[in-house]
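Notes follow the structure.
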Amino acid sequence: MASEAFEDIAETFEFLDDWEDRYRHVIEMGRDMDALDEALRVPATKVDGCASQVWLHADISGTGRDAVYGFKGASDAMIVSGLIAILRALYEGLSVAEVLKVNAREEFARLGLTDHLSAQRSNGLRAMIERIRSQAEAAMQG
């Protein structure tokens, strides 16, 4: 159920045999992401449960099940910024109903990332996924 953008990432990761190369690629993806406006770095957008500072701002178009999900995000940690970029590729442009069907942990496992993240980073990733899911659920409620 992954998006085309996520499939492109998965394909790139297949060519990157070494974990260090994958790690560098994730960091580059975070660097390439558009910056999150400082005005959106507020307590309401801050994700609890992350070792680093993380902000996710939902950008949802429409209403109900067919509302289109998107978000902007930022972190003060380079690797986490890269994880945000991957999450954006995974969820961007899906309906909120489709967002809830995505098994993000399974998709990240395809990239080989889950085996190489520290326990704190894994907890942070889980917290970001839960925030995305709760934003999608709230949008479905209207």
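Derivation of every value follows stated rules applied to the coordinates shown; laboratory data play no part. Predicted, not measured: the structure shown is a model, and the values here were computed from it. FYI the Cβ positions are ideal-geometry reconstructions off the backbone, even for glycines, and counts take in every protein chain you see.
For the stretch 124-141, the set of residues classified as of a type outside the set (Ser, Thr, Tyr) and surrounded by fewer than 14 Cβ atoms within 10 Å (Cβ to Cβ) consists of Glu137, Ala138, Gln141, listed by residue number.
Residue-by-condition table, conditions (1) among the charged types (D, E, K, R); (2) over 15 Å from the mean Cα position of the chain (by Cα):
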{"position": "Asp66", "(1), (2)": "yes, yes"}
{"position": "Gly73", "(1), (2)": "no, no"}
{"position": "Ile79", "(1), (2)": "no, no"}
{"position": "Arg88", "(1), (2)": "yes, no"}
{"position": "Ser95", "(1), (2)": "no, yes"}
{"position": "Ser118", "(1), (2)": "no, yes"}
{"position": "Ala127", "(1), (2)": "no, no"}
{"position": "Ile132", "(1), (2)": "no, no"}
{"position": "Met140", "(1), (2)": "no, yes"}
